[in-house]
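A.B. asks: Have a look at this one.
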Amino acid sequence: MKRFISKLVVIALVCNIFLPLQAASAIDVPQEEKTAEKVNFPAFQSEGEIKEKRTAYSKVYQQKNGAHKLEISADPIHYKDQKTKKWEEIDNTLKRNKAGRYQNEKNAFGASFSSKMITAEPLVSLQYEGKTVDITSMTKNGEKPANRAAVIEENQVTI
């Protein structure tokens, strides 16, 4: 008898679990309620950048609705101009200068490159905060250099 009652209880529990689900799915729900309500977010419409809020890695835009939009970059997008002390757009476009070297336009550092491979002037020159690193060719008139030890004098290494 105990076995019969326990089987009956199990059947009742199983029926109780599945029957309400079937009954609920059989209820007629209006079509409007079946679809999830779609939320339309307004598109960001910038009125313009707030240049005073620039950082090396970010820009802030004023939205038409009064909100601010922040754009953040993994790499620097601005540099601080030493004369104006304002954040300016980085422009690494290489242009030929009066000396015939290719030089980057606007950045916190200067980079210039020789237009010739064999030259007495540096092949690459990097400038940052008044300091310069020049890379020059070891060949002279296309000849291979002799093996020489590096000579270090103050802040200059020559071979």
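A.B. asks: Against the definition (closer than 30 Å to Thr158 by Cβ and touching a Phe, Trp or Tyr at 6+ places or on another chain (Cβ under 8 Å)), how does Tyr102 come out, yes or no?
C.D. replies: Against the criterion (closer than 30 Å to Thr158 by Cβ and touching a Phe, Trp or Tyr at 6+ places or on another chain (Cβ under 8 Å)), Tyr102 qualifies.
A.B. asks: Does any residue of the range 146-155 turn out to be modelled with pLDDT of 70 or more, aliphatic (A, V, I, L, M), surrounded by 10 or more Cβ atoms within 10 Å (Cβ to Cβ) and assigned to a loop (DSSP other than H, G, I, E, B)?
C.D. replies: no
A.B. asks: Let me ask something additional. Could you tell me how many of the residues in the range 54-81 are touching an Asp or Glu at 6+ places or on another chain (Cβ under 9 Å) and either closer than 19 Å to Tyr128 by Cβ or touching a residue at least 24 places away in the same chain (Cβ under 8 Å) (or both)?
C.D. replies: 7
The values are calculated or read from the model by the stated rules, or taken from the named source; none is laboratory data. For clarity, every value in this text was computed on a predicted model and none was experimentally measured. Because the Cβ atoms are built from the backbone with ideal geometry, glycine has one as well, and the counts that use them run over all protein chains shown.
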